[in-house]
1. Show me the ranking of peptides A:386-397, A:31-42, A:282-293 by mean Cβ neighbours inside 10 Å, starting with the highest.
2. What residues qualify as long-range amide H neighbours of A:Asp25, i.e. H under 5 Å apart, gap of 5 or more or another chain, H built at 1.01 Å from N?
3. What's the average, rounded to a whole number, of partner chain beta-carbon atoms within 10 Å of each residue's beta-carbon in A:230-236?
4. What does DSSP give for the protein assembly as shown in terms of the percent of beta bridges that are antiparallel, rounded to the nearest 5?
5. All other residues with a Cβ under 13 Å from the Cβ of B:Thr227 taken together, and with Lys, Arg as +1 and Asp, Glu as -1, what is their net charge?
6. Quick one: putting +1 on the C-beta of Lys and Arg, -1 on the C-beta of Asp and Glu, what dipole do you get for the range B:14-107 around its Cα centre, in Debye to the nearest 20?
7. Please list the non-local residues whose amide H lies under 5 Å from the amide H of B:Ser199, H modeled 1.01 Å from N, same-chain partners needing a gap of 5 or more.
8. Of the GluC sites (Glu not before Pro) in the range A:61-152, which ones lie in a loop per DSSP and count no more than 15 other C-beta atoms within 10 Å?
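Derivation of every value follows stated rules applied to the coordinates shown; laboratory data play no part. This is a predicted model, so every value here is computed, not measured. Quick reminder, even Gly has a Cβ in these numbers, built from the backbone with ideal geometry, and neighbours come from all protein chains shown.
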Protein chains: 2
Amino acid sequence: MFLIRRFCSGFPHIKAITNTAKPGDRLDVRGWIKNIRRLKKNIFFDLNDGSTVRRFQVVIPKTTDTKDISVGSNISASGCIQLAPNGQLELHAEHVKVIADGHITDYPFTPRQQHPPEYVREHLHLRARVDYIAAQMRLRHRALKAIHDYMDELHFVQITTSVLTTNDCEGAGEIFRVQPDSDVLLKEMARPNIPTEHSYFDKKVFLSVSGQLHLEAMSHGLGNTYTLTPAFRAENSKSPLHLSEFYMFEAELAFMQDISSLTSFIEKMIKNVTLRIIESARDDLKFCQEKALGSAFELPWLKAAWITLTYDEALDILIANKEKFKTALKPNEGFSKEQELFLANHCGTPVFVVDWPSDQKPFYMKVVQTKPDRVHALDLLMPEVGELCGGSLRENDEMRLRSHPRLPQDLEWYLELRKFGGVPTGGFGLGFERYLQLLTGVKNIRDVIPFPRYPHSCQM
Amino acid sequence: MFLIRRFCSGFPHIKAITNTAKPGDRLDVRGWIKNIRRLKKNIFFDLNDGSTVRRFQVVIPKTTDTKDISVGSNISASGCIQLAPNGQLELHAEHVKVIADGHITDYPFTPRQQHPPEYVREHLHLRARVDYIAAQMRLRHRALKAIHDYMDELHFVQITTSVLTTNDCEGAGEIFRVQPDSDVLLKEMARPNIPTEHSYFDKKVFLSVSGQLHLEAMSHGLGNTYTLTPAFRAENSKSPLHLSEFYMFEAELAFMQDISSLTSFIEKMIKNVTLRIIESARDDLKFCQEKALGSAFELPWLKAAWITLTYDEALDILIANKEKFKTALKPNEGFSKEQELFLANHCGTPVFVVDWPSDQKPFYMKVVQTKPDRVHALDLLMPEVGELCGGSLRENDEMRLRSHPRLPQDLEWYLELRKFGGVPTGGFGLGFERYLQLLTGVKNIRDVIPFPRYPHSCQM
């Protein structure tokens, strides 16, 4: 029996064929010709439809029909599955039809040539045709799905926190401002005492840097919540670890009263989600790792027990090794990327750093009872990428929050959450693209997101 | 055996208790007191933790411990499950601990009183404590999950299309413009021949109105793709069906060559996703419907076969009934909301309207071969909400696109998709919040999204 699941469009995709077809099966396939070899009697070509990184070979006798096919062309072919001498399935086609020609002479990506990622990125609209970008996109899909599945199984409610906001959660000032493009509209909507450029919303509005405060509001009625939404930073950074628009996975846990419950949740979550991705995207993960670092690699942190250091303990380790750093130790400003990586390597496992000096952290973090100048913050430091997660217990005492010297303006609503039956919560944010870099070893964060936005670049 | 699944925080949530606990089970619960009755010897209160719309009653003998508990307070209670006289499970508590007081005298939502949605919306940060908003949020979560699950099962790749873009897909001009808030940064990044306000990205950048063109680029390498991301409209609309920021579910199907395959995909998808939501969120859906329209209702369109009309056929029906409309028939401008609803009611099922006059539709739609002034567009008209989906086959002939009189500037990349081994695609966009309104009967779209943004309002 022929069991291959068909595309909605009525033909099977190549991943399904390579997984479940049997010699003798008759079928139609569609896709792009990746490379082509014309021998005396037959033409051999590899066909790809975007469903898998595996090559699928099609063989067809030379006829007048086949003179037009070339690399890059989009074609359909029909015929019979056979076992090739190398043990893999191939299609012995009787008919090939060119749907669209590849015009390969003008095409920016020469077949069988490796193009550096910077060059590929210049042709953003065609990147999905490049094998390793297609593999990254499928892997990214699996990672998004794994997070949603895991959080759903634990009964977290997904809240789509808004992109437009009037609260600058981190207070770092690196924000994008938003207003209607039409001056006519702005004038039409003008109201007394409001600057015309703010007339659409009556206030200055910007793009969210974090959904945390909004999640907290929702967790005060719904319990555990999470969001997986775009976040924005108006930084002038050329770093291979930063983007102007990126995805943030944030969760807020209600009735959370100690930091070790939070670190243990994060450790379990990252391990579990990663195992799901490995299970469901093995080929693509391996392929991305090979392209990034020359060969596939294991993730030793999956089996290790992760450790927790206090800020003071972490600082002691850094001081004892200070001659090894290019960057100076600045105990009042946190750790540099180099120092973060050193800590993770030194410990041989991912490291949670907790009990941070309160003046290095935002206003909303809960003070450590036994150390009034410290807050229940956590940074998760991973090999290769450094900080992957930041989190904290949230201050749930209205009066203590109200007297915080760095409480931003216009946060009366945030204080009211505590006033009316507040609940102790804690949560974290994880940079989704940085997590993908950790899994794949991809050096530049611009290559793990479909449409990277960074200083001086917003293509398409 | 005690089988209740516990929260990550180590205590069971009320949904799990009401589903699986048995008399005699001993357990801890946490949540907010929804209302309270003090009798002679005992105190009865309903506890809610955000996990379910069902009431869960706790009984505790009056002691000195219990004098502080009041409506709105966040508490923990421990005791033993018993069967109440009404047949439902209740907790006979031995201990109650107040985590945070409710301060109900200042609280904007008086217990046991119905507040109109406009009033509730003014206290956006506290909305999650209102039963019907909490139910909406859980339902929204289930709807998001159902879409992701369905699309994943069909092997679509989720592409997070970017919020920031330089392409105005619809060309309607109702866009929000974005720039860094810091003038210092803009000056720092200035480059010759680029206006300072555009110096961050070197171009004018705005918020996406649709991810369609970006999905098309991805589908040209990956096959079938979809996105479920925020979209934006800078309209000055008070309509209960419009938001400035909303979620759009868009899909692009590769190798799609006829419009009937696309309409049949959409019909199957909406029916299947809706059945999953009904299955997984029955209580919340029923509750939302009751709150919105007074009683729960069936969705008769789930069992009906949906019909397709050409634009001309639809117009004929409207002309034959024109005396019934308040809005004038304007055949060159499409249908009014009133006329859309009439068509859906007249047919007794949802209606796909196809073969639209090309001058009413965007440049990228494929011309109908037999009718050169018509394009393969579709509008899906539903009862109650009118247009729910818009879609089309995309023009895949580079030359025909190039000569389109309304081709926007700066879309050379879009033409190149066709030039290099193009593939026929088709797709659609579905307004996610409008879909939730269809399911629940909620009148105002502002009540089916956690943080509604609309003219003169961007709270939090």
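1. On the way: A:386-397: 22.6, A:31-42: 15.3, A:282-293: 19.7.
Highest-to-lowest ranking by the protection proxy: A:386-397, A:282-293, A:31-42.
2. Those lying under 5 Å, H to H, from A:Asp25 are A:Ile81.
3. That works out to 5 on average.
4. Working: 145 of 163 bridges.
Around 90 percent of the beta bridges assigned by DSSP in the protein assembly as shown are antiparallel ones.
5. Counting the neighbours of B:Thr227, the net charge comes to -2.
6. Details: 14 positive and 10 negative charges, 65 e Å.
Result for the range B:14-107 is approximately 320 debye, rounded to the nearest 20.
7. For B:Ser199, no residues qualify.
8. Taking the range A:61-152 and a limit of 15 other Cβ atoms within 10 Å, the loop GluC sites (Glu not before Pro) found are A:Glu122.
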